[in-house]
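Notes follow the structure.
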Amino acid sequence: MSENSFLRRRWKLLLNILTVALLVVLAYAIRHQLSQTIDNLARVHAWALALILPIELLNYHAQTKLYQTLFRTTGTNLTYKSLFKMSVELNFVNHVFPSAGVSGISYFGLRMKSAEQVSAGKATLVQVMKLILVFFSFEVILLAGVVFLAIGGKANNLTMLVAGSLSTFMVLGTVGFAYVAGSQERIHSFMTGMTTFLNRLIHKVRPKHPETINVERVRFLFEEMHQNYMLFKEHLADLKAPFWYAVLANATEVMAIYVVYIAFGEWVNVGAVILAYAVANFAGVLSVLPGGVGVYEALMTAVLVAAGVPAALSLPVTIMYRVLNTILQVPPGYVLYHRSLMARQDKVQQPPTGEPEHHG
């Protein structure tokens with residue numbers, strides 16, 4: 001049996017093995033953090049800590065409505081229930097598979113095509129538009145954070161430099177995407193060049209596969225994405241609701257961290273939490289460990305200390321938030337993710353229906 005044939009037959013098994021292995025790595029990486037979290041439980045106010053659950057549910061609601069309104073703009077109406085499940089699955093994929101969000105985009109396209117018969121180009125565009133709105137809407141949250149820091153007297157040169165750099169990065173990224181996606185010629189040149197470059201890199205590792213990423217398929221995918229992007233551009237007014245859902249999604253992420261501070265009996269400057277959250281998430285996506293374990297906690301604590309929050313407080317709060325957030329997101333996400341894999345496998349193996357019977 002050839003290598004390709006084996007992979008086609010056993011892809012689900014291999015994917016499950018990989019997922020479980022990554023979960024084991026994640027559990028091992030946070031074992032000390034989990035122990036510290038258990039030790040700190042005696043110091044916290046349980047009523048405040050319990051607020052994380054409704055805040056997480058509100059976050060999933062915001063993400064679900066964000067997807068729903070974006071798909072509606074493209075002329076596709078999807079149910080709230082299916083997109084809520086999709087949001088939970090996607091958070092799990094992005095948490096466990098460290099690939100700067102690329103795994104989530106790929107999985108989203110496959111999942112929407114399999115479950116909802118949505119084209120890969122449309123699904124990819126919706127996911128990219130969601131990320132752009134989340135980045136762009138965070139400008140509102142970040143601006144509010146700088147204002148809070150200024151009011152609290154904590155807006156020193158370092159915090160202003162970090163906030164300004166993040167703002168510039170997000171604006172340039174958004175403008176860059178709009179520039180490339182706004183022209184079929186530009187998007188064709190950009191994606192062809194990027195695909196060729198990636199194939200050359202992969203070819204060095206896999207000499208027998210000169211074109212791992214099919215250039216023609218990528219070209220077709222992004223031409224379709226360009227058409228859908230132009231549809232969004234013609235209906236900018238319809239992006240108001242998705243934008244505010246993106247703001248809500250960002251706000252609830254910050255709220256989930258802040259209630260842990262309340263649980264510890266501390267009311268710190270919310271601007272410091274906002275800035276630390278932004279820095280940790282931007283850098284955490286580059287980590288090779290699931291969820292950016294280690295990098296996330298270190299950067300968040302460092303930024304909080306620079307903004308005036310003592311390390312003796314910020315470190316246990318960050319660790320507790322990370323552990324609780326992982327417990328709330330990973331198990332339900334894995335269950336739905338595994339069910340989706342099983343359903344897709346059953347669908348692939350199901351024999352075609354409606355064929356005429358043949359009698360010998």
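Here, each number is a calculation from the coordinates, and none is a lab measurement. Predicted model only: the values in this text are computed from it and were never measured. Positions of Cβ are backbone-derived with ideal geometry, glycine not excepted, and every protein chain shown enters the neighbour counts.
Full extension of the chain between SER165 and HIS45 gives 39.6 nm of extra length, using 0.36 nm per residue less the Cα-Cα distance.
Each label was represented as a point 7 Å from its Cα along the Cα-to-Cβ direction; for PHE190 and VAL147 these points are 3.2 nm apart.
So, R0 is 25 Å and r is the distance between the beta-carbons of GLN117 and LEU231; what FRET efficiency does that work out to, to 0.05? That gives a FRET efficiency of 0.85.
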